[in-house]
Amino acid sequence: MLPDALSQKLGHTFQDQALLKRALTHASADAITSNERLEFLGDRVLGLIVAEKLHALYPQDAEGALALKFNALARGAACAKAAMAAGLAEHVILANSEKSAGGRDKPAILSGVCEAVIAALYLDGGMAAARNFVERYWADQFEELGHDMRDPKTRLQEWAQARGKDSAAPVYSLKERAGPDHAPRFVVEAQVPGFDPVRGEGGSKRQAEQDAATRLLAIVVPQETP
């Protein structure tokens, strides 16, 4: 039996406790009964809920503007942020090796668990249960839609271009790939002329590049501010 506190955070008491347990089980702990299939379903349920809400909130937006907002809300970073807000990290079921490697703090793992939990809510309580969770833990992110929604790599690229024609584009290089196939870990180095290279990591090469770009932006942008 999972803690009652978790049910309160999810806003739903599961009739099928095994379903919730599966949603919280990372492949490192049990590749056969992991949350990967639920993650697949949850991604689609989340997409529908977000798209429906955006369609209602922004009746004047063209398709392109809606797509930009959708991508900001449905990407892995948004799911990981919601997972942290919902307190899912402490309930993720991981192999001991993954726990030791800081798995509870890895955005890729948190994102997958969040999507799997959304699927479990949908299967156990219907769309209303899933929608309640998304509206609760994505509320701040919906409010932030007016902010810069470009992904970190795009922002770093545009920053480099704005420095002038002699400024080189950011360079990304893969430095490490570790972990099993079901839970890989990538380390990527990002570099722009005039600054020390910075490394980022993630569950995919793209996520690692975005993480590296985020870390590098935190260094270069303040130095460019008058």
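Please treat every number below as a calculation from the coordinates, not as lab data. Worth saying up front: this structure is predicted, and the values here are computed from it rather than measured. Glycine also receives a Cβ, built like all others from the backbone with ideal geometry; neighbour counts cover every protein chain displayed.
Quotient of the Cα radius of gyration of region 152-224 and 2.2 N^0.38 Å, N being its number of residues: 1.14. Taking region 38-83 on its own, what percent of its Cα-Cα pair distances exceed 12 Å? Roughly 62 percent, once rounded to a whole number.
Each Cα pair under 8 Å and six or more residues apart adds its separation to the average, and for the chain the resulting relative contact order is 18 percent. Averaged over residues, the count of other Cβ atoms within 10 Å places the peptides 174-180, 78-84 in the sequence 78-84, 174-180, highest first. Figure legend: label point modelled 7 angstrom from the Cα of R136 along Cα→Cβ; residues of region 98-117 with amide N under 20 Å from it are 110-117.
When the Cα positions of L54, G125, L156 are compared along the charge dipole of region 50-156, L156 comes out farthest toward the positive end, with charges on each C-beta of Lys, Arg, Asp and Glu. Counting only Cβ charges, +1 for Lys and Arg and -1 for Asp and Glu, the dipole size of the chain around its Cα centre is about 260 debye. Ranked from largest, the principal axis spans of the Cα set of region 6-114 equal 50, 32, 24 Å.
Placing +1 on each Lys and Arg Cβ and -1 on each Asp and Glu Cβ, with no other charges, gives region 152-224 a dipole about its Cα centre of roughly 120 debye. Taking only DSSP H segments of four or more residues, each worth -39500 (n - 2.57), what value at 222 nm results for the chain once the sum is divided by all its residues, to the nearest 500 deg cm²/dmol? Here the helix-only value at 222 nm equals -18000 deg cm²/dmol.
Taking the C-alpha atoms only, the angle from helix 76-85 to the longest principal axis of the chain is near 60 degrees.
Between R150 and N71, the contour length at 0.36 nm per residue exceeds the alpha carbon distance by 27.5 nm. In this Cβ point-charge picture (+1 for Lys and Arg, -1 for Asp and Glu), region 34-112 has a dipole of about 120 debye about its Cα centre. With a Förster radius of 45 Å applied to the C-beta separation of H182 and A62, the computed FRET efficiency comes to 0.70.
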